[in-house]
Amino acid sequence: MWTAVVVLAGCKCKGTAQPVPVEPAARASVEAETRQALQPVSAFSTIADPAARSIALFAEAGRVITHPRCTNCHPADGIPRQGMEQRLHIPRVSGGPSGHGDPGLPCASCHRESNTPVVGESLQSIPGNPKWALAPAEMAWVGRSLGHICEQLKDPQRNGGKSLTQLHHHMAEDVLVGWGWNPGPGLQPVPGTQQAFGELIQAWIDTGAHCPKP
């Protein structure tokens, strides 16, 4: 409890830019989207061409991959984003060389092993996970098209050295990926479930792992 209070006091300094509010119409649209379940793999069985089916499967999985809950931790400039509008992190921080923050201000200073509920005007919880970290710059997704992200995911030089089998395991079972479906009070989750997402990724791989056009 004391930690949460200290964090809030440190993050709400005078002169610090305040979060940019989301317009009601935009918020309503996002909320409607996140409530929708992911389409099952079977919904794409009528697409006869395997490459076209593969692209369609990835496009559905892309509803998770391109969601701000995921892309916020995949910037190219080392600065994490926050919120559905992807504003710069407040307070201003950097992922540092390891993705876990600078030596003087590691991510773990605020982000604990689980979500931390807090009492505040605009913040209901601080995200937390045992593996909390920023993705390396070569894995940047912010501002990238789904096609570009797809090609990155297939490239071991830009996906952490993973094979497609390892990539599926990461998507379907990794606890940090799973946090997207349980981001804490006041934060919108990504669509569907991790199981449904993992099934889409596996079906995409099984059909040749084709990518949408960048």
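Just the residues that are of a type in the set (D, E, K, R), open to solvent by 50 Å² or more (accessible area, probe 1.4 Å), outside any loop (DSSP other than H, G, I, E, B) and modelled with pLDDT of 95 or more, please, taken from segment 19-64. Explain how you work it out, then say what you get.
Initial filter on segment 19-64 (of a type in the set (D, E, K, R)): 23, 27, 31, 33, 35, 49, 53, 60, 63.
Filter once more, so that each one left must be open to solvent by 50 Å² or more (accessible area, probe 1.4 Å): 23, 27, 31, 33, 35, 49, 53.
Now restrict to residues that are outside any loop (DSSP other than H, G, I, E, B): 27, 31, 33, 35, 53.
Result: Arg53, single match.
Within segment 147-167, which residues are closer than 19 Å to Ile55 by Cβ and either aromatic (Phe, Trp, Tyr) or open to solvent by 40 Å² or more (accessible area, probe 1.4 Å) (or both)? Step through it out loud before you land on a result.
The initial filter retains those residues of segment 147-167 that are closer than 19 Å to Ile55 by Cβ, namely 147-155, 159, 164, 167.
Answer for segment 147-167, where residues must be closer than 19 Å to Ile55 by Cβ and either aromatic (Phe, Trp, Tyr) or open to solvent by 40 Å² or more (accessible area, probe 1.4 Å) (or both): His148, Glu151, Lys154, Asp155, Leu164.
Mind checking which helices (runs of 4 or more DSSP H) fall wholly inside segment 122-193 and carry at least 3 residues that are in contact (Cβ under 8 Å) with a residue 60 or more places away in the chain and closer than 26 Å to Lys213 by Cβ?
Details: elements: 146-154, 164-173, 175-178.
Here the list reads 146-154.
Among (1) open to solvent by 40 Å² or more (accessible area, probe 1.4 Å); (2) touching a Gly at 6+ places or on another chain (Cβ under 6 Å), where does Arg87 come up short?
(2)
On the basis of being open to solvent by 60 Å² or more (accessible area, probe 1.4 Å) and farther than 23 Å from Val190 by Cα, does Ser98 make the cut?
Working: open to solvent by 60 Å² or more (accessible area, probe 1.4 Å): yes; farther than 23 Å from Val190 by Cα: yes.
Yes, satisfied.
Answer with yes or no whether Ala137 is open to solvent by 40 Å² or more (accessible area, probe 1.4 Å), under 27 Å from Ala203 (Cβ atoms) and out of contact with any Leu (no Cβ under 6 Å at 6 or more places or on another chain). Break it down into steps so the answer makes sense when it comes.
Working: open to solvent by 40 Å² or more (accessible area, probe 1.4 Å): yes; under 27 Å from Ala203 (Cβ atoms): no; out of contact with any Leu (no Cβ under 6 Å at 6 or more places or on another chain): yes.
Here the answer is no, as Ala137 does not meet what is asked.
For Val118, all conditions in the list (1) touching a residue at least 60 places away in the same chain (Cβ under 8 Å); (2) surrounded by 18 or more Cβ atoms within 10 Å (Cβ to Cβ); (3) under 18 Å from the mean Cα position of the chain (by Cα) hold save one; what is the number of the exception?
(3)
Filter segment 65-110 for residues that are in contact with a strand residue (DSSP E or B) (Cβ under 8 Å, 6 or more places away or on another chain) and in a helix (DSSP H, G or I) and give the result.
Matches in segment 65-110: Pro68, Thr71, Cys107, Ala108, Ser109.
The values are calculated or read from the model by the stated rules, or taken from the named source; none is laboratory data. From a predicted model like this one, the values you see are computed outputs, not experimental measurements. Using ideal geometry, Cβ is built from the backbone for each residue, glycine included, and neighbour counts are taken over all protein chains shown. Surface areas here come from the heavy atoms of the whole protein model, side chains and all, with no ligands, DNA or RNA. Shrake-Rupley method; radii C 1.70, N 1.55, O 1.52, S 1.80 Å.
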